[in-house]
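Structure record follows, encoded as structure tokens.
The values are calculated or read from the model by the stated rules, or taken from the named source; none is laboratory data. Being a predicted model, the structure only gives us computed values, none of them experimental. FYI the Cβ positions are ideal-geometry reconstructions off the backbone, even for glycines, and counts take in every protein chain you see.
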Amino acid sequence: MRNWIVITAIAFFSLSWTYPVNKGYADLGVLKELPVMRVNVYMMGREVVDEEITKKIYENIVYLNETFQGEITFIFDELFMDPNHAYLPDIYQSFRADRQDIVDPLVNQIEKKGAINVFLFDTYCEEGQNAALMGFTPLLRDRQAAYARVTPKYDRILMAYEGLEENKTLVHEMGHFFGLQHPWEMSQIARYRLGIRNHTEEAHNHMSYGNEVEKFTAQQLADMRSYALKYRTYLMEKVIRVYARA
Ligand SMILES: [Zn+2]
């Protein structure tokens with residue numbers, strides 16, 4: 001009992017030394033809201049646990065969190081397996097023809113509301129292309145305010161199993177999910193505003209294609225966090241409020 005009291009007393013004093021009180025609001029900085037998003041992953045066309053794939057999924061979520069650190073946190077909620085399957089390029093072609101008749105019957109029964117649902121499919125290299133499609137994210141252009149109303153239809157990221165390999169595809173698709181475009185689709189002024197100011201910065205940006213992609217700019221991260229707080233709050237586990245230096 002006595003030891004316990006001593007330990008408590010020491011803890012109390014060290015706490016009061018470590019954290020000075022009465023510093024006033026002026027020093028607290030700016031209130032920053034940090035979204036915490038839930039992510040579910042669906043292994044399509046798979047019925048048996050493949051440890052290699054589940055390991056890669058975990059690595060992808062870790063890399064995702066490293067990339068968005070200090071802005072958005074992702075919680076890996078549930079992992080599903082489903083024997084039904086289609087090929088990613090075929091699904092993409094149906095979307096381009098404004099149809100969802102391949103993907104809807106596959107996922108409608110299994111997708112859960114309240115999370116970013118990542119569906120994994122096999123892919124192939126289409127004729128005339130020099131690489132296989134690795135992922136795409138169905139979006140509502142100019143009607144983002146409707147996302148919450150039509151959930152979970154536009155809470156999907158569709159990805160190839162092969163896209164897990166480098167950890168980069170999920171990050172790129174998450175960029176689209178939170179409103180980012182490819183650099184080459186934007187005006188020079190818009191690229192500048194985001195901090196993409198030359199070819200090297202463009203090649204290294206996660207929203208480009210290629211082997212050199214490695215980062216988002218601070219402005220892209222800030223834009224994605226605001227976008228999430230504006231349109232994707234219905235997918236959040238919670239919002240953490242912190243005081244950050246201005
Ligand atoms: Zn893209």
The lone exception for Q100 - which of (1) out of contact with any Ser or Thr (no Cβ under 8 Å at 6 or more places or on another chain); (2) away from the ligand (no atom under 16 Å from the Cβ); (3) not acidic (D, E) it fails
(1)
Within segment 182-191, considering residues that are of a type in the set (A, V, I, L, M, F, W, C) and away from the ligand (no atom under 13 Å from the Cβ), the one surrounded by the most Cβ atoms within 10 Å (Cβ to Cβ):
A190
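Each row is one residue, and each column tells you yes or no for (1) exposed (fewer than 13 other Cβ atoms within 10 Å of the Cβ); (2) not in a helix (DSSP H, G or I).
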| residue | (1), (2) |
| --- | --- |
| H176 | no, no |
| L180 | no, yes |
| R193 | no, no |
| E201 | no, no |
| E212 | yes, yes |
| D223 | no, no |
| S226 | no, no |
Output the number of the condition that Y87 fails; it satisfies all remaining conditions of (1) modelled with pLDDT of 95 or more; (2) within 16 Å of the ligand (Cβ to nearest atom); (3) more than 21 Å from the chain's Cα centre (by Cα).
(2)
Long-range neighbours under 7 Å by Cβ, at least six apart or interchain, first residue under 24 Å from E165 (Cα atoms) within segment 193-212, second loosely packed, with under 14 Cβ neighbours inside 10 Å and of a type in the set (D, E):
A203/E212; H204/E212; H204/E214
All positions within segment 81-99 that are outside any helix (DSSP H, G or I) and either farther than 15 Å from L158 by Cβ or touching a residue at least 40 places away in the same chain (Cβ under 8 Å) (or both)
M81, D82, P83, N84, H85, A86, A97, D98
Taking interchain pairs and intrachain pairs at least six residues apart, which have beta carbon atoms under 6 angstrom, with the first residue in segment 222-245 and in contact (Cβ under 8 Å) with a residue 24 or more places away in the chain and the second part of a helix (DSSP H, G or I)?
Y231/Q144; Y231/Y147; Y234/A148
So which residues in segment 144-197 are in contact with a Leu (Cβ under 9 Å, 6 or more places away or on another chain), of a type in the set (A, V, I, L, M) and closer than 25 Å to Q219 by Cβ?
I157, L170, V171, M174, L180, M186, L194
Determine whether L158 is within 22 Å of L106 (Cβ to Cβ) and within 17 Å of the chain's Cα centre (by Cα).
yes
For segment 134-174, enumerate the residues that are assigned to a loop (DSSP other than H, G, I, E, B), within 16 Å of the ligand (Cβ to nearest atom) and under 23 Å from R46 (Cβ atoms).
M134, T137, P138, E166, N167
Of the numbered conditions (1) at pLDDT 95 or above; (2) surrounded by 12 or more Cβ atoms within 10 Å (Cβ to Cβ); (3) more than 18 Å from D155 (Cβ to Cβ), Q69 fails exactly one; give the number of that condition.
(2)
Given the condition farther than 29 Å from V103 by Cβ, hydrophobic (A, V, I, L, M, F, W, C) and within 16 Å of the ligand (Cβ to nearest atom), answer yes or no: does some residue in segment 210-218 qualify?
no
Taking F121 as meeting all but one of (1) within 16 Å of the ligand (Cβ to nearest atom); (2) part of a strand (DSSP E or B), write down the number of the exception.
(1)
